[in-house]
Amino acid sequence: MNDNRPVNLDMTTIKLPLPALVSILTRASGVFLFVAMAVLIYALDASLASEESFNALKLELASPLYKLVIWVIVAALIYHAASGIKHLFGDAGVGETLEGGILGAKIVVAVAAILIVVAGIWIW
């Protein structure tokens, strides 16, 4: 059999364009947020169980480790929201060209980075 299809399956050598990376990271952040809901639901349950558990949670959230966890969850939410807004614009027909897709991906990365830094400053 004479098959001339590309056989390169080494993912480390494939260079994806920025819009593809933004799209993949959007899906990954969505999965992460789904898993992170367990942490947030636990915190909500602990805050509502009693006054003592609320105060204990408040003390735990003051520690750097918990602040880091909350910041990572908020960062994923910010990125996912920014990219979701880009997808909404794409659904409306804005930025459907290659140049528009690249510009939209750059805007998503820049806006998300700025908002993630601002959220980090606010949380810490």
Quiz prompt | Of the criteria (1) surrounded by 10 or more Cβ atoms within 10 Å (Cβ to Cβ); (2) in a helix (DSSP H, G or I), which one LEU16 fails | solution = (2)
Quiz item: Are there any pairs, at least 6 apart or on different chains, whose C-beta atoms fall under 6 Å, with the first in segment 44-62 and surrounded by 11 or more Cβ atoms within 10 Å (Cβ to Cβ) and the second among the polar types (S, T, N, Q), and if so, which?
Solution: ALA46/SER53; PHE54/SER47; LEU57/SER47
Practice problem: Within segment 88-110, count every residue that is closer than 20 Å to PHE32 by Cβ and either loosely packed, with under 15 Cβ neighbours inside 10 Å or of a type in the set (Gly, Ala, Ser) (or both). | Solution: 1
Exercise. Could you tell me which numbered condition ILE102 fails, if it satisfies all but one of (1) of a type outside the set (D, E, K, R); (2) under 26 Å from GLY120 (Cα atoms); (3) in contact with a helix residue (DSSP H, G or I) (Cβ under 8 Å, 6 or more places away or on another chain)?
Key: (2)
Practice problem: Can you tell me which residue within segment 65-105, out of those that are over 14 Å from VAL22 (Cβ atoms) and not in a helix (DSSP H, G or I), is modelled with the lowest pLDDT? | Solution: GLU96
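Give the residues of segment 69-84 that are of a type in the set (S, T, N, Q) and free of Cβ contacts under 8 Å to residues at least 60 places away in the same chain, sorted by residue number.
none
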Quiz item: Residue check: is LEU21 without any contact (Cβ under 8 Å) to a residue 12 or more places away in the chain, exposed (fewer than 15 other Cβ atoms within 10 Å of the Cβ) and either under 26 Å from ALA119 (Cα atoms) or in contact with a Gly (Cβ under 7 Å, 6 or more places away or on another chain) (or both)?
Solution: no
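Out of the residues in segment 106-124 that are under 16 Å from VAL22 (Cβ atoms) and free of Cβ contacts under 8 Å to residues at least 12 places away in the same chain, which is nearest to the chain's Cα centre (by Cα)?
So, considering only residues that are under 16 Å from VAL22 (Cβ atoms) and free of Cβ contacts under 8 Å to residues at least 12 places away in the same chain, the one nearest to the chain's Cα centre (by Cα) is ALA113.
Condition check: under 22 Å from PHE32 (Cα atoms), among the aliphatic types (A, V, I, L, M) and touching a helix residue (DSSP H, G or I) at 6+ places or on another chain (Cβ under 6 Å). Does ALA113 satisfy that?
Against the criterion (under 22 Å from PHE32 (Cα atoms), among the aliphatic types (A, V, I, L, M) and touching a helix residue (DSSP H, G or I) at 6+ places or on another chain (Cβ under 6 Å)), ALA113 does not qualify.
The values are calculated or read from the model by the stated rules, or taken from the named source; none is laboratory data. Computed from a prediction, not measured in an experiment: that's the story for all the values here. Neighbour counts are summed over all protein chains in view; Cβ atoms, including those assigned to glycine, are modelled from backbone coordinates with ideal geometry.
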